[in-house]
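In what follows, a single structure is set out as structure tokens and then discussed.
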Amino acid sequence: MIPGQARLTGVNWGGLRTLYVKEVRRFFKVQTQTVWAPAVTTLLFLVIFSVALGGAKREVMGVPFPSFIAPGLIIMAMIQNAFANSSFSLLVGKIQGTIVDYLMPPLSVGELIAGLVGASVTRAILVGCAVWLAMALWPGVDVTVRHPLSLIWFGLMGSLLLSFLGLITSIWAEKFDHAAAVTNFVVAPLSLLSGTFYSVEALSPLFRAISHANPFFYVISGFRHGFLSEADSPILFGAGLLLALNLALFALCYGLLKSGWKIKN
């Protein structure tokens with residue numbers, strides 16, 4: 001064996017599973033904060049906006065307002081928590097000096113990304129299920145799934161999109177303030193101004209065009225189609241666009257980790 005030559009070939013399934021389980025256990029140990037608290041917060045959004053904007057008496061896209069905003073709130077909670085999870089691991093490792101725990105194991109760059117992103121998507125799914133359960137038990141809200149394929153595809157694509165964005169943020173950031181800045185000035189505005197609480201068809205042509213330039217809009221519109229059979233955007237176009245964005249973000253994550261930018265340097 002030549003010194004420095006890799007001995008592992010193929011996928012290191014044992015190492016990948018260990019990293020994934022470690023990341024899932026990390027957020028699940030504080031599940032009250034990472035899973036159930038977002039469900040309560042999102043339910044409060046539903047109650048406040050429903051009461052303030054007329055409740056079931058008002059209809060949007062032919063359905064009562066609470067049922068209209070419920071899918072958007074579910075996916076919004078999912079993507080925000082996917083970002084929060086993936087933007088934490090490498091960053092806290094850099095700050096605490098434990099980044100070697102991610103770099104030393106015999107994991108390839110692709111396996112490292114898969115473990116971190118997989119755990120973030122898992123958290124997003126758990127949060128989505130918790131929010132859906134809370135809304136299903138709330139009177140006057142219909143969250144019956146009508147198109148499972150749309151629900152799964154756009155839920156997965158949205159969670160992956162924010163997981164990759166969070167991982168890039170974790171690589172770039174040097175302190176928690178940097179990650180918080182991306183959360184407050186990028187993720188939160190884009191998710192809130194993406195048609196969660198309104199139909200973009202009601203906006204002026206200028207703001208409608210701006211909304212269509214927001215990738216979060218296609219996530220929420222497609223995910224809503226899974227519940228309401230209605231969408232503000234072409235489903236196939238949104239599905240293809242999100243797939244392309246995720247492939248591009250994966251390639252960017254791979255390149256950054258491969259180069260060791262702000263991690264090894």
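The values are calculated or read from the model by the stated rules, or taken from the named source; none is laboratory data. All of these numbers come straight from a predicted model, not from anything done at the bench. No Cβ is skipped: glycine too gets one built from the backbone with ideal geometry, and neighbour counts run over all protein chains shown.
So the values come out like this:
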{"quantity": "Residues (closer than 19 Å to Q80 by Cβ and of a type in the set (D, E, K, R)) located in segment 196-230", "calculated": "R224"}
{"quantity": "Qualifying residue in segment 84-104 (condition: over 24 Å from A180 (Cβ atoms) and touching a residue at least 12 places away in the same chain (Cβ under 8 Å))", "calculated": "yes"}
{"quantity": "Check on S150, buried (at least 17 other Cβ atoms within 10 Å of the Cβ), of a type in the set (G, A, S) and under 15 Å from the mean Cα position of the chain (by Cα)", "calculated": "no"}
{"quantity": "Residue pairs meeting the criteria (Cβ under 9 Å; at least 6 apart or on separate chains; first on the phi < 0 side of the Ramachandran plot, in segment 226-241; second outside any helix (DSSP H, G or I) and among the basic types (K, R))", "calculated": "G226/R146; F227/R146; L228/R146"}
{"quantity": "Every residue from segment 126-147 that is in a helix (DSSP H, G or I) and buried (at least 17 other Cβ atoms within 10 Å of the Cβ)", "calculated": "L126, V127, G128, A130, V131, W132, A134, M135"}
{"quantity": "Among residues of segment 11-62, those that are at pLDDT 90 or above and touching a strand residue (DSSP E or B) at 6+ places or on another chain (Cβ under 9 Å), counted", "calculated": "0"}
{"quantity": "Helices (runs of 4 or more DSSP H) (entirely within segment 150-265) containing at least 1 residues that are touching a strand residue (DSSP E or B) at 6+ places or on another chain (Cβ under 7 Å)", "calculated": "215-228"}
{"quantity": "Among the candidates A179, A188, residue that is out of contact with any Asp or Glu (no Cβ under 8 Å at 6 or more places or on another chain), at pLDDT below 95, closer than 14 Å to N85 by Cβ and not acidic (D, E)", "calculated": "A179"}
{"quantity": "Residue that is at pLDDT below 90 and crowded, with 21+ Cβ neighbours inside 10 Å, where the choices are G238, G222, G226, G195", "calculated": "G195"}
{"quantity": "Positions within segment 21-67 being of a type outside the set (D, E, K, R) and touching a Ser or Thr at 6+ places or on another chain (Cβ under 8 Å), in sequence order", "calculated": "V24, F27, F28, A56, V60, M61, F65, P66"}
{"quantity": "Residue match in segment 160-167 (condition: buried (at least 18 other Cβ atoms within 10 Å of the Cβ), touching a Gly at 6+ places or on another chain (Cβ under 9 Å), of a type in the set (A, V, I, L, M) and closer than 21 Å to L126 by Cβ)", "calculated": "no"}
{"quantity": "Hits in segment 241-262 (condition: crowded, with 17+ Cβ neighbours inside 10 Å and over 19 Å from the mean Cα position of the chain (by Cα))", "calculated": "L256, L257"}
